[in-house]
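K.L.:
My questions all concern the structure below.
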Amino acid sequence: MINGDVSFWYADIGGLPKRRAPLAGNTTADICIVGAGYTGLWAAYYLKRNDPSLDILVIEKEFAGFGASGRNGGWLAGEFTWNRENYLKNGDKAALLEFERALNGSVDEVINVAEREGIDADILRVDLLDVACSSGQLARLEQRIKTDQSYGTPVEAARMIDAKETAARIDIANLHGAHLSSGVARVQPAKLVQGLARVVEQMGVRIVEGTTVTKISSKNVTTNKGHVSAPIILRATEGFTAGLEGQKREILPLNSAILVTEPLDQATWDTIGWQGHELLSDASHGYCYAQRTREGRIAMGGRGVPYRFGSKTDDGGETQSETIRQLREMLTRILPQTANVKIDHAWCGVMGVPRDWCASVGLDTDTGLGWGGGYVGIGVTTSNLAGRTLADLVLNPDSALCQLPWVNHKVRKWEPEPVRWLSVHGMYHLYHAADARERASQSSKTSRLARVADWLTGH
């Protein structure tokens with residue numbers, strides 16, 4: 001088994017990409033974007049598409065797609081998973097519904113761009129199954145339907161299905177039912193981000209790699225290779241934001257890990273089902289997510305060791321043996337048919353978490369500083385909306401996208417250490433204990449331990 005080496009997705013395409021040249025000393029640009037993941041590349045794409053005359057420079061510490069953009073679970077889904085109440089200070093329920101519609105529409109937007117630009121990312125339109133394996137999980141999924149509808153989410157957007165109908169799709173152990181939603185897609189993350197980098201570069205966007213940004217200030221970016229002067233600077237660093245001077249507590253880098261099995265034989269697939277290639281998750285507090293890959297593997301992810309002291313991030317994706325053990329146990333608990341299946345690859349990465357666990361995008365017109373991120377695990381789709389919105393904030397600030405309630409949404413910083421380490425680790429300890437208690441009791445009520453965990457971090 002390979003542990004690390006960024007992710008399986010790069011092994012799937014023949015290995016890590018050859019790095020582009022670093023910044024060659026001091027320079028200028030019309031727009032400087034820090035971070036060559038999905039957010040930065042989407043912003044560059046729409047800015048250049050809407051105004052080809054712009055001189056755009058994208059700066060990346062490692063290589064395009066090194067972070068979450070090349071390590072995620074490959075979910076192209078537009079589910080609204082943040083706390084809607086946190087956005088009401090910037091808009092009403094009608095504005096929230098427009099936000100949700102824009103997010104849902106971003107799935108089609110990504111697919112359309114990939115088709116138009118010739119990006120082959122193994123995109124397959126599928127359904128999403130959030131499964132319940134206990135009475136408590138089922139009750140939460142049913143309440144989710146009611147909550148969504150109370151905010152205006154169309155009834156036809158999602159529905160509950162019973163255990164029998166769920167098992168006909170995927171034969172999961174201890175099924176109680178599932179939340180079924182459509183309009184999503186499976187994607188190979190590294191293929192998408194590498195293809196997008198190629199496209200924007202062909203459009204005339206400059207991408208420099210192997211260049212460490214140490215500080216962002218109004219009209220100036222400081223790197224280890226020189227300074228960049230630009231009237232507009234967009235931060236697209238997501239979980240790596242804490243590495244920038246003065247931004248240690250802005251975004252918490254929350255760890256997530258994934259393992260990928262060997263290709264399953266047809267006999268095993270016959271026992272599992274999964275013929276529809278649905279995206280799969282469960283309604284546990286500890287949370288897992290999975291996809292059936294193009295070549296018949298299972299990629300399953302979860303939190304593992306959730307946070308490293310001092311907001312540290314990894315260098316190459318290597319994850320702890322305990323995390324691999326936990327993910328393996330999770331896989332076989334949900335799909336016992338995989339008990340004898342070999343694990344080929346495991347890795348980890350970080351996702352960006354703001355203090356209120358809600359994504360945002362914005363631009364300060366006085367300083368020229370903009371940002372997008374804090375996706376809390378749903379960045380494949382949300383980053384596209386962020387990129388389009390950042391482009392409009394620069395070029396067309398009166399557009400409908402710029403009126404959505406996540407625009408210029410700001411929250412307080414995370415607490416200093418060791419408080420945030422204790423809070424995050426305490427939260428996940430309580431979540432895992434809550435899951436165990438719910439499985440044992442089969443109560444339809446959410447464990448009080450989970451409610452304490454939610455309160456502890458404001459989740």
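The values are calculated or read from the model by the stated rules, or taken from the named source; none is laboratory data. Source: prediction; values computed, not measured. Cβ placement follows ideal geometry from the backbone for every residue including glycine, while neighbour counts extend to all protein chains displayed.
K.L.:
Mind listing just one residue for me: the one in the range 294-353 that is in a loop (DSSP other than H, G, I, E, B) and in contact with a Gly (Cβ under 8 Å, 6 or more places away or on another chain) and, of those, farthest from Asp435 (Cα to Cα)?
P.N.:
Going residue by residue through the range 294-353, those that are in a loop (DSSP other than H, G, I, E, B) are 294-297, 303-308, 312-320, 335, 339-342.
Narrowing the set further to residues that are in contact with a Gly (Cβ under 8 Å, 6 or more places away or on another chain) leaves 303, 313-314, 316-320.
Working: Arg303: 14, Thr313: 27, Asp314: 28, Gly316: 31, Gly317: 27, Glu318: 27, Thr319: 23, Gln320: 22 Å.
Taking the candidates together, the pick is Gly316.
K.L.:
Further question on the same structure: If you check Gln403 against the conditions, is it surrounded by fewer than 20 Cβ atoms within 10 Å (Cβ to Cβ), under 24 Å from the mean Cα position of the chain (by Cα) and more than 25 Å from Ser311 (Cβ to Cβ)?
P.N.:
yes
K.L.:
Now a separate question. Scan the range 242-283 residue by residue and report those that are modelled with pLDDT of 95 or more and touching an Asp or Glu at 6+ places or on another chain (Cβ under 6 Å).
P.N.:
Once the filter is applied, which keeps residues that are modelled with pLDDT of 95 or more and touching an Asp or Glu at 6+ places or on another chain (Cβ under 6 Å), the range 242-283 yields Val260, Glu262, Pro263, Ile272, Gly273, Glu278, Ser281.
K.L.:
Which residues, counting only those in the range 1-60, are closer than 17 Å to Ile216 by Cβ, surrounded by 15 or more Cβ atoms within 10 Å (Cβ to Cβ) and among the β-branched types (Val, Ile, Thr)?
P.N.:
Thr27, Ile31, Ile33, Val34, Thr39, Ile56, Val58, Ile59
K.L.:
Any residue in the range 228-235 that is part of a loop (DSSP other than H, G, I, E, B) and modelled with pLDDT of 95 or more?
P.N.:
Taking the range 228-235 and keeping what is part of a loop (DSSP other than H, G, I, E, B), we get 230-231.
Filter again for modelled with pLDDT of 95 or more, leaving 230-231.
Yes: one or more hits.
K.L.:
Any idea how many residues of the range 363-394 are closer than 14 Å to Leu234 by Cβ, out of contact with any Leu (no Cβ under 7 Å at 6 or more places or on another chain) and surrounded by fewer than 24 Cβ atoms within 10 Å (Cβ to Cβ)?
P.N.:
Residues in the range 363-394 being closer than 14 Å to Leu234 by Cβ, out of contact with any Leu (no Cβ under 7 Å at 6 or more places or on another chain) and surrounded by fewer than 24 Cβ atoms within 10 Å (Cβ to Cβ): 5 in total.
Rundown of residues vs (1) assigned to a helix (DSSP H, G or I); (2) of a type in the set (A, V, I, L, M, F, W, C); (3) touching a residue at least 12 places away in the same chain (Cβ under 8 Å), yes/no style:
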site: Thr389; (1), (2), (3): yes, no, yes
site: Val394; (1), (2), (3): yes, yes, yes
site: Asp398; (1), (2), (3): no, no, no
site: Val411; (1), (2), (3): no, yes, yes
site: Glu415; (1), (2), (3): no, no, yes
site: Ala436; (1), (2), (3): yes, yes, no
site: Ser443; (1), (2), (3): no, no, yes
site: Val452; (1), (2), (3): yes, yes, yes
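K.L.:
Go through the range 48-79 and give me each residue that's more than 17 Å from Gly374 (Cα to Cα) and of a type in the set (Ser, Thr, Tyr).
P.N.:
Correct list: Ser53 only.
K.L.:
Next question. In the range 227-242, is there at least one residue being surrounded by fewer than 17 Cβ atoms within 10 Å (Cβ to Cβ) and closer than 18 Å to Val394 by Cβ?
P.N.:
yes
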